[in-house]
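Notes follow the structure.
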Amino acid sequence: MIQDTFQYQTKWMIRRFADEAAFAAGTPTPVVDADGQELPAISEIDGNLLLNEGIALLLDLLIGAGGTAYNNANSYIGVGDSSTAEAASQTALQAASNKTYKAMQATYPSRSAQTVTWRAVFASSDANYAWNEFTIVNANSDAGVNLNRKVSAQGTKASGQTWTVDVSITIS
């Protein structure tokens, strides 16, 4: 019997910068979040759940059936404060109001070998609340098609800080 397998690995990376000067210098720094908790300069989180709507779109794009690609013009990384567990049937961030979608930094997403990486920058006035959930979506709101969702408590971003989110998906 022949058996085909499809494996993917997702890694989320959050880089924290105490202020605009640290961000401009490209030097992540430990920060104290809005709740007084000390957070590391960089956090790495493994895994996520591909969502049904994202899988369906990937397959449509694969066969040329149309749809909006997860490219630089259309991709956003969303963060929210909901800790609701991931479920494949979800179609958006689960936060009631504290959710923010940021467009890609220039040159992202990018592909190297079998890995695609998305990156968004959340500047000093963006998403200043608890970061508990994450997604890649092909629009700047819940109206887009969400590729995936990850729930992981990452602290409460404080005003004045800049945080970046990278998401890398490797297929083998």
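The values are calculated or read from the model by the stated rules, or taken from the named source; none is laboratory data. Since we're looking at a predicted model, the values are computed, not measured. Glycine also receives a Cβ, built like all others from the backbone with ideal geometry; neighbour counts cover every protein chain displayed. All accessible areas refer to the heavy atoms of the entire protein, side chains included, with ligands and DNA or RNA removed. Shrake-Rupley method; radii C 1.70, N 1.55, O 1.52, S 1.80 Å.
A few points about this structure:
- The mean sequence distance of close C-alpha pairs (under 8 Å, at least 6 residues apart), as a share of the length of the chain, puts its relative contact order at 31 percent.
- When peptides 120-132, 65-77 are ranked by their average number of other Cβ atoms within 10 Å per residue, the highest-first order is 120-132, 65-77.
- Label point 7 Å beyond Cα of MET13 along Cβ direction - residues of the range 130-162 with amide nitrogen under 12 Å: none
- Net charge in the neighbourhood of LYS157 (other residues with Cβ under 11 Å of its Cβ; Lys, Arg +1, Asp, Glu -1) is -3.
- A Cβ-based charge dipole, computed about the Cα centre of the chain with Lys and Arg at +1 and Asp and Glu at -1, lands at about 300 debye.
- Leading residue at positive end of dipole, the range 2-134 (Cβ point charges), from SER83, ASN98, THR10: THR10
- ³J(HN,Hα) computed for each position of the range 83-100 - Karplus, 6.51 cos²θ - 1.76 cosθ + 1.60, integer Hz, glycine/proline x: 10, 4, 4, 5, 9, 4, 7, 5, 10, 5, 4, 8, 4, 5, 9, 7, 8, 9
- The Cα atoms of the range 37-110 cover 48, 31, 25 Å along the three principal axes, with the biggest extent listed first.
- Cα centroid separation, the range 58-77 to the range 27-55 (Å): 25
- Reference-scaled alpha-carbon Rg (2.2 N^0.38 Å with N residues) for the range 123-172: 1.29
- By the compact-protein rule of thumb, 2.2 N^0.38 Å, the alpha-carbon radius of gyration of the chain corresponds to a ratio of 1.04.
- Average accessible area per residue (Å²) across the chain - probe 1.4 Å, nucleic acids and ligands excluded: 49
- Cα gyration tensor category, rounded, prolate or oblate, for the range 1-71 with a/c compared to 1.5: prolate
- Given charges at Cβ of Lys, Arg, Asp, Glu: the chain dipole, positive-most of GLY36, LEU49, TRP118: TRP118
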